Every structure is written in structure tokens, then in C-alpha cells.
């Protein structure tokens, strides 16, 4: 079970490290995930006129979302390169990430899964079924940042790549991905999928020069 204070601790650590460190630091809030009451916040710190590093955190804490649990924590450190100066316009980023989840794995986001034909459970979506475990992510982000004025901006982005997960499968409270003859603590899976995206509202912190 993911504790609700986990995301608050991560955000506090990020803010304590990032806010005092560099002029032109930007803070971000994902308006797309906010419509589902899923907070996703980020901090971006410039390195050069064309590059930056970003750390963003997403958390979902639904005990029941459309009848299924939706509990997620994701943390993504990322390096970004912008084609235009002042870190605006089109960009590409490379990232790694870590996550914990209790949810029904979303099959519609999977681009490629070599294990699905041989798996009895990976993409079996039944009422009351869900998976709980941990994931690592290795991938790319593509996006576009539009400056509204000196302080405010909008950022549209989507990210994906390889996701490696260790999880247990349940139907309500009963574990269903193992049996007595084939028991294991965790199942493993690896998919290429889309796992992040949205529309960020961007704010450049006050007191910094352009």
C-alpha cells in the first residue's frame, strides 16, 4: 500500500534542494492529471541556454477509481535539450524513473510486450483484478514549451519507453497470478509503453533575472 505522505516528503526534498540553487528555476503543475485529482508537479533547473534538468513527481491515491484501486507514485529525473534558446519551443529529454503502484495495468498504453502471448495474467482485465508492485522506467520525453510572458508558460509533453515491473496480481483480495505448483513471490514483466504526459502550467520563480 502506498502511503499518502510519501509524495509530500519527496516534494519537500525536491523543493529544499532546487529552489535556492539557480536563477530561472521553474515550477510546474500538470493541469491534465489535475482533472482526475492526480497531482503531478515538477521543478526544472537550467544548465545552459538550451538545456536543463528536471525532477517531477506524480501521485494518485484512489482506493476506488471506476471500481478499481488507483494508487501510484512516480519519480522522474530528466535531462532536457531545447532546440531554441531560453529553453523554449520543441525539446527532447532522456530520463530514468521509479514507481510504486496498486492498479489495473493499462493495456491500451502498451506499445509492445513480448511476454503477453505466454502470460496468463499480464493483460487480463477483469472486474476486481489489479496488480501491486514496483516499476523502473527508461525512456524519452518529447514536448513543446510555449512562453506566455516572462513568468508564465505552458508545456505539452508525452513520455514513454521501457518499463520493468515486479508485481503481484490480485482479484479483490485473492492472489491469482500463481498457484501451488508455480508459486513465486513476484511476477516480472517488461513492456514498451507510454507512461507519462500532460499539459503543464509553468511558472518562473520571482526574484530571478531573465
>> Can you say whether residue 194 is in contact with a strand residue (DSSP E or B) (Cβ under 9 Å, 6 or more places away or on another chain), modelled with pLDDT of 80 or more, surrounded by 13 or more Cβ atoms within 10 Å (Cβ to Cβ) and within 29 Å of residue 63 (Cβ to Cβ), as far as the supplied structure shows?
In response: yes
> When the range 76-96 is examined, which residues are found to be in contact with a strand residue (DSSP E or B) (Cβ under 6 Å, 6 or more places away or on another chain) and assigned to a loop (DSSP other than H, G, I, E, B)?
Replying inline: 87
> Of all residues in the range 99-115, which are part of a strand (DSSP E or B) and over 21 Å from residue 63 (Cα atoms)?
Replying inline: 110, 111, 112
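Let me confirm something: among 128, 169, which residue is modelled with pLDDT under 80 and more than 23 Å from the chain's Cα centre (by Cα)?
None of the others qualify; the one that does is 128.
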>> I need a count of the residues in the range 76-105 that are surrounded by fewer than 17 Cβ atoms within 10 Å (Cβ to Cβ) and without any contact (Cβ under 8 Å) to a residue 60 or more places away in the chain.
In response: 12
>> Show the residue pairs meeting these rules: Cβ distance below 6 Å; 6+ apart or different chains; first residue within the range 137-150 and over 25 Å from residue 162 (Cβ atoms); second residue in a strand (DSSP E or B) and at pLDDT below 95.
In response: 145/88; 147/88
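The values are calculated or read from the model by the stated rules, or taken from the named source; none is laboratory data. Only a predicted model underlies this, so the values are computations on that prediction, with no experimental measurement involved. Neighbour counts are summed over all protein chains in view; Cβ atoms, including those assigned to glycine, are modelled from backbone coordinates with ideal geometry.
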